[in-house]
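Q: Got a structure for you, questions after.
Bear in mind these aren't lab numbers, they're just calculated from the coordinates by the rules spelled out. Just so it is clear, the model here is predicted, and its values are computed rather than measured. So basically every Cβ, Gly included, is an ideal-geometry build from the backbone, and we count neighbours across all protein chains shown.
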Amino acid sequence: MRKSRLVLAPAVMLAAAALVLSGCAAAEEETTTDAGSTTDSTEEVAETYEVYALLPQGSDQAYGTFYVPAMEAAAAELGINLTITNSQYDGDKQASECEIAVAAKPDGIILWPAVGDSVRPCLEAAAAAGIPVTVTNSDLFDADKALSFGYSGPDTYGQGVSSAEIMCELVGDTPVNIIQLNGAPGNATAIDRDNGFTDTVAANCPNVTILQEESTDWTKATAQQVASEMITAQGIDNIGGIYAADDSIAAGAIAALEARGVVAADYFITSIGNTFLGNPLVIAGSLDGTVFQSSSWDGDNATRLMYAVLTGEIAAGEREVRFMPSVKVTAGNASDADVAPEW
Amino acid sequence: MTSPVIEARNIVKSFGGVRAVDDVSVSVMPGEIHAVIGENGAGKSTLMRILAGVETPDSGSVRIDGKEIENSAKASIDAGISLVHQELSLIPEMTVAENIMLGAFPTNGGWTKTKEMKKIAADTLKEIGVEVDLDERISRLSVALRQFVEIARAVARKPKVLILDEPTATLTPAETDYLLSMLQRLASQGLAIIYISHRIPEVFKICNKVTILRDGKLVTNDSIGDLTPDKVIDQMVGRELHLDLTQRRPAREFGELVLSAKGIKAPKVNGIDLEVSKGQIVGLGGLVGAGRTELLRAIIGADPRSAGRVTITSNGKKRVITGYLSAIKAGVAYVPEERRTDGLALTMTVAENIFLPNRKEVSPTGVMPKGKIAAFAKDLSEKVNLRPPEVTREAGQYSGGNQQKIVIAKWLGRKPSFIVLDEPTRGVDVGAKAEIHKLVKELADEGAAVLVISSDLPELLELSDLIHVVRDGKIAGTLTGAEATEKSVMSLAAGEKLVGA
Amino acid sequence: MTNQTVIKVGSTATGFWGKFRSVLARRTEGRAVVLFAIIATFVTVSQPLVFTAYQVTLGRIALIGLVALGLTAVILMGELDLSVASTLAVSGVIAVTVANQTNMAIGVLAALAAGVVVSLINAFFVAIVGINSFIATLGMLFALRGMAFVISDEAPVKLQNTDLGIAFGQPLLGPLTPRILIFFLIFIAIQIFVSRVKAGREFLAVGGNRQAAYDAGIPVKRRIFTGFIISGVVAAIAGIINAVERTSADPTSGSTVLLASFAAAIIGGNYLKGGKGSIIGTLIGAASLGMLQVALTISGVQIPIQEIFIGGILLIAVITDPSSLRAVWGSLSTTFQGIKNSLAK
């Protein structure tokens, strides 16, 4: 008797918790279906849309903590009922979430690809079900772009260009050897930034030579280790600068330099992000320049772009791209309010 | 004249210098029930493991029907030797049928023939006269029933020789009677049975021949008709004359009562009362599996007890023991049987080991100054005569006897009022053994109450002021002074009536 | 003494319900079934979509359950295989890389061969060298992850035959995609292996009491090899399915697979120390987990909250084990006894 009671207690607790939660969810759903049934009314204001947002991160990562609230705020304002998923950068999990989303037959799907190469089946399934897809944060590969209605988010290639422009301006005409630290291997953002940077350097300041480039996993710790190995390989005296694909990587590289007993300010260092980590480094002078990526702009515009699709502002076949402005942040403007870091 | 089915010739086996089996030869005829008896550690189980091919002898041979067999588990099984282990060797989550047929599933090209498997299992159970659901999982059976399934497994192999190692240890009297009559029936069908037991009455009830081992040596190999229970116990103990009585503690007055345990019940402990006074050494005698360690652990709260009340009085303060931590607070020092696993961190230094239970004494603030720890440890290791007393060495580098001294030393720092020792000199060389005995006696003389378990009879007699003999989770008898002899302890432990001393 | 004398210990169940009850009590999946029923009820009430779009739910169950099925073969023997997620990644990369150069069939064979090689190495270290399986397969986890990066040149490998990949994700039989069908076929195959084939039936013995299994003449080492091969090959199959269905092989794939598959096995009543559990249990565990994940995803519950749910269910699955309950009960009763005694004083 006692034993069975012990078995039951936690089970009941779980069931209770589950019911409370499901109650909320069910209530939410009721309101949306009610609103959905008024779709045929002529008043546009009363329109409520059901939208799935398939993200690879959420409040569990720094970028998401500003991105998700901004996305939700815009949704509330525009009358969109958002269901947000988080695949934790697991492509297979996101594919499964996409299947769920398609089965739920929402009015639209906002996709932030976890792994760029893996989203084709998801896009095709959504297209077959007649659900419009917009892309946020990192754009699709060219072959897949036709399957989406638009992209909003950072101009990842343009960010690389801006970072390179800062670098070229700083260096002037002196020949300088630099090392390049990229983002995670295979990541579309990492590839685009890499291309934007290298293309611009080749065009604008061929006097800058990239001695070596390596991938990181976007973390400071790994970046510090990789940078340290590169410095050893190339010799500290041969290196005049560093390009890092984001601020965390730059912070790692700076730490690697300082571990050698040199002053980071003596080196030409640029990156991308203008994060809580990067912005103070720019103010302190160890990082020469970075490119502002606003996560709240990103989240906000993801919703707004989808809204434009839902209201017919963007028709099928006319893919709209809304790039986030790539604002350069250097010592001159780093303390300004309009480039206050968000993540 | 038939020839023996199984014949072991001149078996020798040593473990680290100790001769566990020393030149023993045994032979058994078909239809014979042959008892192998002896004290704990006399070498019975080792000998049986050698017969079953699970242990490799240093020298000697095993023959079945006159043919020498290779030493391996498989060769022994194939030759027709089935061993029913002392510690049950069933698979808890498999069914009765699967366990009976374990390792010998009937197959057809890799597929098990479940029907045939169940049929053989059912037939075997019928043969030994046990009824149990074939599809039941072992974990849901009683311990007694598991024992019968284990026997069924051995019988299912159609053996020529069946070896049973203490099969009645966990059975009730009725179940024991049933088992014994079953064995007689199997023997009457021509099976040779080797029966290992501590229980003298059982031996006299069913066995035809008796082999007695003592300290690994064969002392008796006789027909049952030539022996009496009294004679058997004499032969098992065999040291009556060598006992050095001068070593025993003289009768004395004890101080106030330290330990009071009433109505202790726990797994394998069926209601025991126990008292130990200041300055007194109480010994717990009995056979392995009688419930002594369980009793001791239940008393100090190291294992849960289902009933009973324990109090410990130290420094005039009486405390109820509800768990191990409260026991430690009350001044209990526990030196467990498995010192390698329970008592010492072998990769830590002697100083660190000694420091562990004495954190508060050495550093009330929680700061751990190395020098202070070393000095503290050094004092204690000198007291227990650790050799060499190098406290910065790893505990694992010391011999068994020295390790035991470290375990004792680490508790001495707390000036314990009640010291509990479980087999304090097992696996310890003679010299260290004497030193540990001396140390235990000194501790009692200094006012500690001591409770000691020992299967080593001379040790038990030498140390104890009072001996409780435990059998089947109960106190079978209490002995003091002159009535405490190896023979009287053994008689009580083995279930033979106390013969006049 | 005659053969008629029979000692009867315990009760033999009679009647339909009696037999039903005793069969139920014998199975290790009992608690998993109860959990499954609770979750199914909760899901039906709150998110009926989980059932109406059952092919999607089945897809999710197949995604987290496939690796768990193979893993269970090893867990039954009391060993762990932490390398499954990395095997999944590396086999996916090999399948696509080879397929791009030759054809899909050769790619699949190469990936399966990789799975076998990985498991042979794992089993060699565990069974022959005698390294703890946690450590041996942890090493393999890192080594294979690195290998996946090296082979793929640190970027997802695109399957050139994209149409094949897209087709592979389409329903094949009714609404069931190849992934779901393969998942059920593998479930049936492993279930038959551990319940009907001699070698498979002996897995429980190896896990339950290794010494006894050895003493009974069971080739323990060979069984361990078999278990690891099942685990490795199934992980490789999962890797191939993922890569083909997504039309690309991602060297970082499977990052959430390892924990999910262990969770499925544990929720299914498998005992990590071995000797207790079943393949059916793992299936039920995966189904519970999959349903819950789909329901929570539809509800838009954020990942941290989802993890609390899954963790809670894992804990319930573990603490409702009768032996855990007995231990809890034992220590509680000693404590109460003590309190009662102190009060009596």
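Q: For B:ALA251 and B:SER72 in the same chain, what is the full-extension length gain: residue separation times 0.36 nm, less their Cα-Cα distance, in nm?
A: Taking B:ALA251 through B:SER72 to full extension adds about 59.1 nm, to one decimal.
Q: List, in order, the whole-Hz ³J(HN,Hα) value for each residue of segment C:117-123 obtained from phi through the Karplus relation with A = 6.51, B = -1.76, C = 1.60 and θ = phi - 60°; use x for Gly and Pro.
A: Karplus values, whole Hz, x for Gly and Pro: 4, 4, 5, 5, 5, 3, 5.
Q: Hey, another quick one. Using the Karplus equation 6.51 cos²θ - 1.76 cosθ + 1.60 (θ = phi - 60°), what ³J(HN,Hα) coupling, rounded to whole Hz, does each residue of segment C:49-56 give in order, writing x for Gly and Pro?
A: Listing the rounded values in order: 4, 4, 8, 5, 9, 5, 5, 5 Hz.
Q: If you don't mind, another one. Is the shape of the protein assembly as shown best called rounded, prolate or oblate, per the rule: a/c under 1.5 gives rounded, else a/b larger than b/c gives prolate, else oblate, with a ≥ b ≥ c the square roots of the Cα gyration tensor eigenvalues?
A: On the way: a/c = 2.35, a/b = 1.81, b/c = 1.29.
Verdict is prolate for the protein assembly as shown.
Q: Can you list which of the GluC sites (Glu not before Pro) found in segment A:167-239 are DSSP loop residues with at most 10 other C-beta atoms within 10 Å?
A: Filter output for segment A:167-239: empty list.
Q: In terms of modelled amide H atoms, which long-range or inter-chain residues lie less than 5 Å from the amide H of B:GLY190?
A: Those lying under 5 Å, H to H, from B:GLY190 are B:GLY31.
Q: Hey, can you grab everything whose amide H is under 5 Å from the amide H of A:TYR49? Only 5+ residues off in sequence or another chain; H modelled, so Pro and N-termini drop out.
A: Counting only residues 5 or more places away or on other chains, the set is A:ILE80, A:ASN81.
Q: In peptide A:183-189, how many Cβ atoms from other protein chains are near each Cβ within 10 Å, on average?
A: Average neighbour count from other chains, rounded to a whole number: 4.
Q: Still on this structure, please answer the following. Just name one of C:ALA263, C:ILE218, C:ILE180: the one whose Cα is farthest towards the positive end of the charge dipole of segment C:61-317 (beta-carbon charges, Lys/Arg +1, Asp/Glu -1).
A: Of the candidates, C:ILE218 comes out farthest on the positive side.
Q: Still on this structure, please answer the following. Given the options B:THR56, C:THR57, C:THR72, identify the residue whose Cα lies farthest towards the positive end of the charge dipole of the protein assembly as shown (+1 on Cβ of Lys, Arg; -1 on Cβ of Asp, Glu).
A: B:THR56
Q: State the antiparallel share, in %, of DSSP beta bridges confined to the protein assembly as shown, rounding to the nearest 5.
A: 45 percent
Q: So, counting K/R as plus one and D/E as minus one, what does the shell of residues with Cβ under 12 Å around A:ASP90 add up to?
A: Here the charged neighbours net out to -1.
Q: Sticking with this one: Within 10 Å of each Cβ in peptide B:214-225, how many partner chain Cβ atoms are there on average? Round it to a whole number, please.
A: 0
Q: Obtain the nm distance between the two label points defined at B:ASP123 and B:LEU346 by a simple spin-label model: each point lies 7 Å from its Cα along the Cα-to-C-beta direction.
A: 4.8 nm
Q: Oh, and also: Kindly rank A:287-297, A:196-206 from highest to lowest mean number of other beta carbons found within 10 Å of each residue. Let's see the in-between values first.
A: Details: A:287-297: 26.2, A:196-206: 17.8.
Highest mean packing first, the order is A:287-297, A:196-206.
Q: Using a simple charge model, +1 on the beta-carbon of Lys and Arg, -1 on the beta-carbon of Asp and Glu, nothing else, what dipole does segment B:6-237 show about its Cα centre, in debye to the nearest 20?
A: Working: 27 positive and 32 negative charges, 97 e Å.
So the dipole magnitude of segment B:6-237 works out to roughly 460 debye.
Q: Rounded to the nearest 5, what % of DSSP beta bridges with both residues in segment B:351-482 are antiparallel?
A: On the way: 6 of 11 bridges.
Within segment B:351-482, antiparallel bridges account for around 55 percent of the total.
Q: Let me ask something else. Over chain A, consider all pairs of different Cα atoms and compute the Kirkwood hydrodynamic radius from their mean reciprocal separation; express it in Å, one decimal.
A: The answer is 21.9 Å.
Q: Explain nothing, just the number: dipole magnitude of the protein assembly as shown about its Cα centre with +1 on each Lys and Arg Cβ and -1 on each Asp and Glu Cβ, in debye rounded to the nearest 20. All intermediate terms of the calculation are to be shown ahead of the outcome.
A: Working: 102 positive and 123 negative charges, 1476 e Å.
It works out to roughly 7100 debye.
Q: So what's the net charge close to A:ALA264: Lys and Arg +1, Asp and Glu -1, counting the other residues with Cβ under 11 Å from its Cβ?
A: -2
Q: How big is the antiparallel share of DSSP beta bridges in chain B, given as a percent to the nearest 5? Working shown, then result.
A: Working: 47 of 82 bridges.
The antiparallel proportion sits near 55 percent.
Q: Taking amide H atoms as placed 1.01 Å from N in the peptide plane, list the residues 5 or more away in sequence, or in a different chain, whose amide H sits under 5 Å from that of B:ILE419.
A: Excluding prolines and chain starts, which carry no amide H, the hits are B:ALA333, B:ALA449, B:VAL450, B:LEU451.
Q: Sticking with this one: Could you tell me which of rounded, prolate or oblate describes segment A:186-266, using a ≥ b ≥ c as the square roots of the eigenvalues of the alpha-carbon gyration tensor, with rounded for a/c under 1.5 and, failing that, prolate when a/b is larger than b/c and oblate otherwise?
A: Numbers: a/c = 1.97, a/b = 1.20, b/c = 1.64.
Because a/c hits 1.5 or more and a/b fails to exceed b/c, segment A:186-266 counts as oblate.
Q: Residue by residue through segment C:262-277, which ³J(HN,Hα) values in whole Hz follow from phi under the Karplus form 6.51 cos²θ - 1.76 cosθ + 1.60 (θ = phi - 60°), with glycine and proline marked x?
A: 5, 4, 4, 5, 5, 4, x, x, 7, 9, 5, 7, x, x, 8, x
Q: Sort B:465-478, C:252-265 by the packing proxy (mean of other Cβ within 10 Å over each peptide's residues), most packed first.
A: Descending packing order for the listed peptides: C:252-265, B:465-478.
Q: What are the GluC sites (Glu not before Pro) within segment B:63-167 that DSSP puts in a loop, where the Cβ has at most 15 other Cβ atoms within 10 Å? Mind showing how you got there, number by number?
A: On the way: sites: B:GLU68, B:GLU70, B:GLU87, B:GLU93, B:GLU98, B:GLU116, B:GLU127, B:GLU131, B:GLU136, B:GLU150; in loops: B:GLU70, B:GLU87, B:GLU93, B:GLU136.
Those satisfying the criteria are B:GLU70, B:GLU87.
Q: Please state the shape class of segment C:229-326: rounded when a/c is under 1.5, otherwise prolate if a/b exceeds b/c and oblate if not, all from the C-alpha gyration tensor. Display every interim value, and only then the final one.
A: On the way: a/c = 2.51, a/b = 1.29, b/c = 1.94.
Judged from the Cα gyration tensor, segment C:229-326 comes out oblate (a/c at least 1.5, b/c at or above a/b).
Q: Just to be sure I follow: if Rg is taken over the C-alpha atoms of segment C:61-317 and Rh is the Kirkwood radius over the same atoms, what is Rg/Rh?
A: 0.97
Q: Based on DSSP H runs of at least 4 residues, each adding -39500 (n - 2.57), what is the mean residue ellipticity at 222 nm of chain B after dividing by all its residues, to the nearest 500 deg cm²/dmol?
A: -9500 deg cm²/dmol
Q: Hey, another quick one. Quick one: of B:LYS265/B:LYS433; B:LYS115/B:LYS160; B:LYS74/B:LYS115; B:LYS415/B:LYS474; B:LYS383/B:LYS433; B:LYS113/C:LYS273, which pairs are farther than 21 Å apart, Cα to Cα?
A: The pairs that break the limit, which is 21 Å between Cα atoms, are B:LYS265/B:LYS433; B:LYS115/B:LYS160; B:LYS74/B:LYS115; B:LYS415/B:LYS474; B:LYS113/C:LYS273.
Q: What FRET efficiency do you get for B:ASP230 and A:ALA284 if R0 is 60 Å and r is their Cβ-Cβ distance, rounded to the nearest 0.05? Let's see the in-between values first.
A: Numbers: r = 96 Å, r/R0 = 1.60.
The computed FRET efficiency comes out at 0.05.
Q: How high is the FRET efficiency from A:ALA316 to A:ALA221, r the C-beta distance, R0 45 Å, rounded to 0.05? Spell out each step's value before the answer.
A: On the way: r = 45 Å, r/R0 = 1.00.
The calculated FRET efficiency here is 0.50.
Q: Could you tell me which of A:GLN224, B:ALA375, C:VAL117 has its Cα farthest along the dipole of the protein assembly as shown towards the positive end, charges placed at Cβ (Lys, Arg +1; Asp, Glu -1), taken about the Cα centre?
A: So the residue furthest toward the plus end is B:ALA375.
Q: How about segment B:436-486: which GluC sites (Glu not before Pro) there lie in a loop by DSSP and see at most 13 other Cβ atoms within 10 Å?
A: The qualifying sites are B:GLU446.
Q: Can you pull the mean other chain C-beta count within 10 Å for peptide B:89-98?
A: 6
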